[in-house]
1. Using a 1.4 Å probe on the protein heavy atoms only, what accessible surface does residue 15 show? Give it in Å² to the nearest 10.
2. Give the Cα extents of the chain along the principal axes, in whole Å, largest first.
3. Quickly work out the residue 2-to-residue 14 label distance, labels modelled 7 Å from Cα along the C-beta direction, and quote it in nm with one decimal.
4. Once both labels are modelled 7 Å past Cα along the beta-carbon direction, what's the residue 33-residue 60 spacing in nm?
5. Could you report the accessible area of residue 19 in Å², rounded to 10, computed with a 1.4 Å probe on the protein chains as they sit in the structure?
6. Using a 1.4 Å probe on the protein chains only, how many percent of the accessible area of the range 11-63 belongs to carbon and sulfur?
7. So if I place +1 on the C-beta of Lys and Arg and -1 on the C-beta of Asp and Glu, and nothing else carries charge, what would the dipole magnitude of the chain be about its Cα centre? I want it in debye, nearest 20.
8. Give the ranking of 51, 40 by solvent-accessible surface, highest area first, calculated with a 1.4 Å probe.
Amino acid sequence: QTGSNIEIRGVAQSSTRVSALMRQVDASDYLTDPEVDKVETTQSGASRQAEFIVFLKQVRAGDDEELR
């Protein structure tokens with residue numbers, strides 16, 4: 001995290017799970033402006049997974065809607 005900017009790097013079961021994360025951020029009162037930098041499906045043994053990088057912003061209580 002740098003200031004109000006947050007970078008999340010992770011591994012999900014699928015790209016569908018990354019999409020669900022993005023929808024949850026959109027619905028959040030505390031997080032805003034989700035942006036996917038990368039979603040890459042990789043093989044891990046017999047299973048597939050989605051490696052991802054997502055950027056978003058943290059909104060503090062009292063911030064004006066204009067800043068979002």
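The values are calculated or read from the model by the stated rules, or taken from the named source; none is laboratory data. These numbers come from a predicted model, not from an experiment. Using ideal geometry, Cβ is built from the backbone for each residue, glycine included, and neighbour counts are taken over all protein chains shown. The area values use the complete protein model at the heavy-atom level, side chains included, leaving out ligands, DNA and RNA. Shrake-Rupley method; radii C 1.70, N 1.55, O 1.52, S 1.80 Å.
1. 60
2. 48, 22, 14
3. 3.5
4. Simple spin-label model gives 1.5 nm for this pair.
5. 50
6. Whole-percent figure for carbon plus sulfur exposure: 43.
7. 440
8. Listed by decreasing accessible area, they come as 40, 51.
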